[in-house]
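Q: I'd like to ask you about the structure that follows.
The values are calculated or read from the model by the stated rules, or taken from the named source; none is laboratory data. In this text, all values refer to a predicted model and were calculated from it rather than measured experimentally. FYI the Cβ positions are ideal-geometry reconstructions off the backbone, even for glycines, and counts take in every protein chain you see. Side chains are part of the model used for accessible areas, which takes the heavy atoms of the whole protein and leaves out ligands, DNA and RNA. Shrake-Rupley method; radii C 1.70, N 1.55, O 1.52, S 1.80 Å.
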Amino acid sequence: METTPSRGAELGPLLTRFRTERGLAQKEVARLAEIDGSTLSRLENGGRGVSRDVLDRIAAALQLDTVGRLSLHVAAGFLDS
């Protein structure tokens, strides 16, 4: 599983922004993405790295468009900006 540990400082606020713009609670996004709620909480707080698979599931749960999905991948360090 490919993960990145250090870009979470950029990823966390972006995840939080996307989630709150949609009026969703962490628990709801976690349920839709089929991940543990504590995992999403740690991601939003920059406390852990993320795999591409989990990031894609969160993006799908948030119903992000292509630009939103790509911005998450950039923030997570999977793509260069």
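Q: So for the pair residue 14, residue 36, with labels modelled 7 Å out along Cα→Cβ, what separation do we get in nm?
A: Reported label-point gap for residue 14 and residue 36 is 2.5 nm.
Q: Another question about this same structure. Only Cα pairs under 8 Å and at least 6 apart count here; give the relative contact order of the chain as a rounded whole percent.
A: 42
Q: Let me ask something else about it. Two-decimal Rg/Rh of the chain from alpha-carbon positions, Kirkwood Rh? Write down the numbers at each step before the final one.
A: Numbers: Rg = 11.0 Å, Rh = 12.1 Å.
With Rh from the inverse mean 1/r over Cα pairs, Rg/Rh is 0.91.
Q: Under 18 Å from a point placed 7 Å out from the Cα of residue 69 along the Cα-to-Cβ direction: which residues of region 15-30 have their backbone N that close?
A: Those under the cut-off are 15, 18-19.
Q: Related question: Please calculate how many Å² of accessible area the chain carries per residue, with a 1.4 Å probe and no DNA, RNA or ligand atoms counted.
A: Values: 4610 Å² over 81 residues.
On a per-residue basis, the chain sits at 57 Å².
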